[in-house]
Amino acid sequence: MDEILIAEIESVEASFTLGGNWQQSLRGAVRSGRQLCRILGIDPRDVGDAAERDFPVFAPREFIARMEPGNPTDPLLLQVLATAREAEPGGVEDPVGDLHSLAVPGMLQKYAGRALVIASGACAIHCRYCFRRHFPYATAPPTAAVWQGWLERLRDDPNIDEVILSGGDPLALVDSQLGKLIDALGKVPTVRRLRIHTRFPVVIPWRVTDALLQILSDTEMSTFVVLHINHANELDRAVEVALERLRRTGATLLNQAVLLRGINDSAEAQVDLCRRLVNLQVIPYYLHQLDPVRGAMHFRVDDATARQILARMRESLPGYAVPRLVREIAGQGSKTPL
Ligand SMILES: *Cc1c(COP(=O)(O)O)cnc(C)c1O
Ligand code: SF4
């Protein structure tokens, strides 16, 4: 690496070592579509006030900084701006049957060998297409009693060898809490792998604190961090540094994206994203067809188009850079390949 690049990385890194920066970013997040439009200098005509009451707008400044001012179809803006189109009919509250898969409060068990826990109901950002936008998070707060239920369940079922921290976003937990949870999970002898599904490193890169790196380095479980990045424009210099920091812990980095109409529904956008990801040693894992959640049906891409996009991706990318195109069907024993 050349010296200028090293100096740049060092100066960006200074923002990571101050552990509390990310909480300040959350406090300063933009919480209204009108304000977001004002910041970007775009017409607020499309803002959906009813949609915002249903699922509030929440976008940290770091993420907004990657949007193009004056562009009402910016692919990052469309992921967070509540619009009147959310009132269009169709979709359901619980499209993937989460509420039928609760093993104990806050723990979902759908697939063999894997248990998914709702580690936090909070997120770094509110994605308008979120399949858990109607999830009753209040029924599984991150309390000692709920965690105890998870640990008992894991001890009772030795077939579960992987725990997935999900949410919401598990990195919404502060490091001291997260460290305790991961430590307790690691003490269950049959749990060998830890998976963390998170959007924090891309939305607020400063969340990848030194304390978090220590926690991930210390655990004896094999660790996988599944990022959630939908468009190459989400990857800026600070995110690259955050990913590099995560990689240094020995964690395997994967990405999942959702195929979204008007945002990333072209072979060009997907190839660009996947190429950038593998250059950063992040393996594209899943490309999800949208879960039919109420309020997000306007983002749907039909299966024929999705298959065409994937075929064109195969023509341009190394095999390891092509994600699996899947859909989640309630009641199935795995994600369903298209
Ligand atoms: C998606 C999901 C998983 C993980 O599935 P993989 O195919 O292993 O990535 C596990 N549990 C639940 C409840 C899920 O929704
Ligand atoms: S970060 Fe994940 S859980 Fe949170 S709103 Fe976005 S898609 Fe949903």
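Tabulated values for the structure
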{"read-out": "Residue match in region 193-201 (condition: of a type in the set (A, V, I, L, M, F, W, C), part of a loop (DSSP other than H, G, I, E, B) and surrounded by 15 or more Cβ atoms within 10 Å (Cβ to Cβ))", "value": "no"}
{"read-out": "Complete set of residues in region 122-139 that are more than 9 Å from ligand 2 (Cβ to nearest atom) and either within 18 Å of Leu171 (Cα to Cα) or of a type in the set (Gly, Ala, Ser) (or both)", "value": "Tyr137, Ala138"}
{"read-out": "Of all residues making up region 213-230, the number that are away from ligand 2 (no atom under 16 Å from the Cβ) and either modelled with pLDDT under 95 or more than 20 Å from Leu116 (Cβ to Cβ) (or both)", "value": "5"}
{"read-out": "Condition met for Arg155 (away from ligand 1 (no atom under 15 Å from the Cβ), among the basic types (Lys, Arg) and either surrounded by fewer than 18 Cβ atoms within 10 Å (Cβ to Cβ) or closer than 22 Å to His228 by Cα (or both))", "value": "yes"}
{"read-out": "Hey, Asp291 outside any strand (DSSP E or B), surrounded by 15 or more Cβ atoms within 10 Å (Cβ to Cβ) and touching a Pro at 6+ places or on another chain (Cβ under 7 Å) or not", "value": "yes"}
{"read-out": "Subset tally (residues that are among the hydroxyl-bearing types (Ser, Thr, Tyr) and assigned to a loop (DSSP other than H, G, I, E, B)) for region 234-284", "value": "2"}
{"read-out": "Residues (within 12 Å of ligand 2 (Cβ to nearest atom) and farther than 19 Å from Arg237 by Cβ) located in region 188-207", "value": "His197, Thr198"}
{"read-out": "Qualifying positions in region 159-180 - over 19 Å from Thr139 (Cα atoms) and part of a loop (DSSP other than H, G, I, E, B)", "value": "Asn159, Ile160, Asp161, Val174"}
{"read-out": "Any pair with Cβ under 9 angstrom, 6 or more apart, that starts in region 299-319 at a residue that is closer than 24 Å to Glu86 by Cβ and ends at one that is among the aliphatic types (A, V, I, L, M) and assigned to a helix (DSSP H, G or I)", "value": "Phe299/Leu78; Val301/Ile309"}
{"read-out": "Of all residues making up region 248-268, the number that are of a type in the set (Gly, Ala, Ser) and either over 27 Å from Gln214 (Cα atoms) or at pLDDT below 95 (or both)", "value": "4"}
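Conditions (1) modelled with pLDDT of 90 or more; (2) at negative phi; (3) not in a helix (DSSP H, G or I), marked per residue:
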residue	(1), (2), (3)
Ile4	no, yes, no
Ala7	no, yes, no
Val12	no, yes, no
Gln35	yes, yes, no
Pro56	yes, yes, yes
Glu62	yes, yes, no
Thr73	yes, yes, yes
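The values are calculated or read from the model by the stated rules, or taken from the named source; none is laboratory data. Because the structure is a prediction, the values reported are computed rather than measured. Cβ coordinates were reconstructed from backbone atoms using ideal geometry, including for glycine residues, and neighbour counts include every protein chain displayed.
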